[in-house]
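The values are calculated or read from the model by the stated rules, or taken from the named source; none is laboratory data. From a predicted model like this one, the values you see are computed outputs, not experimental measurements. We place every Cβ from the backbone using ideal geometry, glycine too, and count neighbours over all the protein chains shown.
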Amino acid sequence: MKKDNSAELLPLVDSEGNTIGCATRGECHDGSKHLHPVVHLHLFNSAGEIYLQQRPLWKDIQPGKWDTAVGGHVDYGETVETALKREVCEELGITCFTPRFLMRYHFESEREKELVNVYMAVHDGEVKPTEELDGGRFWSIDEVEEKIGKGVLTPNFEQEFRMLKDLL
């Protein structure tokens, strides 16, 4: 069975996103609350539907739940923009898209603390979820709202989705 690479090296950042050190993925997810940057891409089609990925059961955080189309760590030494392009290709097989920056915020759970860099894009081409996911599909906004609070979606997606509605 696949599993996350706990030795992956991630940057530690201050609240503005400036790199101040590094730690392993395992250290960042062990409850130490090391602030580390991640990228999220909310993918919409021209009909206004939002693409959600289903997290694989082997993931160390929120396995099996539906989540943001793309979400991933920024690697140590990598820019946020480069990480976004890499993650979109790695997770959805999309290489041509125009991201729009929406916001940056802190997300904290019992295991970790992330500096989340949020983008959106509209894409009507083919989406090919890779083996990093257990698939995905476009959802209507009403369909997403109906699932909020029912344990189907990740808590951070639910929080971010509420913020998104004010920005779109």
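Assorted remarks:
- Among the residues of the range 112-152, the one identified as of a type in the set (Phe, Trp, Tyr) and closer than 30 Å to Asp14 by Cβ is Tyr119.
- Options Phe97, Phe101; residue that is part of a loop (DSSP other than H, G, I, E, B), of a type outside the set (Ser, Thr, Tyr) and over 25 Å from Ala23 (Cβ atoms): Phe97
- Applying the criterion of at least 2 residues that are hydrophobic (A, V, I, L, M, F, W, C) and without any contact (Cβ under 8 Å) to a residue 24 or more places away in the chain to the strands (runs of 3 or more DSSP E) found wholly in the range 24-90 leaves an empty list.
- Inside the range 103-117, residues that are surrounded by fewer than 18 Cβ atoms within 10 Å (Cβ to Cβ) and in contact with a strand residue (DSSP E or B) (Cβ under 7 Å, 6 or more places away or on another chain) make up a count of 6.
- Selection within the range 9-25 - closer than 15 Å to Asp75 by Cβ and over 17 Å from the mean Cα position of the chain (by Cα): Leu9, Leu12, Val13, Thr19, Gly21, Cys22, Ala23, Thr24
- Hits in the range 51-78 (condition: basic (Lys, Arg) and modelled with pLDDT under 95): Arg55, Lys59
- Test: residue in the range 70-79 that is farther than 17 Å from Leu167 by Cα, among the hydroxyl-bearing types (Ser, Thr, Tyr) and either surrounded by 21 or more Cβ atoms within 10 Å (Cβ to Cβ) or more than 12 Å from the chain's Cα centre (by Cα) (or both): yes
- Residue within the range 88-102 that is hydroxyl-bearing (Ser, Thr, Tyr), farther than 15 Å from Gln53 by Cα and out of contact with any helix residue (DSSP H, G or I) (no Cβ under 9 Å at 6 or more places or on another chain) present: yes
- The range 18-32, residues that are exposed (fewer than 15 other Cβ atoms within 10 Å of the Cβ) and at pLDDT below 95: Asp30, Gly31, Ser32
- The set of residues in the range 131-151 that are surrounded by fewer than 13 Cβ atoms within 10 Å (Cβ to Cβ) and either modelled with pLDDT under 90 or of a type in the set (S, T, N, Q) (or both) comprises Glu131, Ser140.
- A residue that is loosely packed, with under 13 Cβ neighbours inside 10 Å and either at pLDDT 95 or above or closer than 16 Å to Val38 by Cα (or both) occurs nowhere in the range 152-166.
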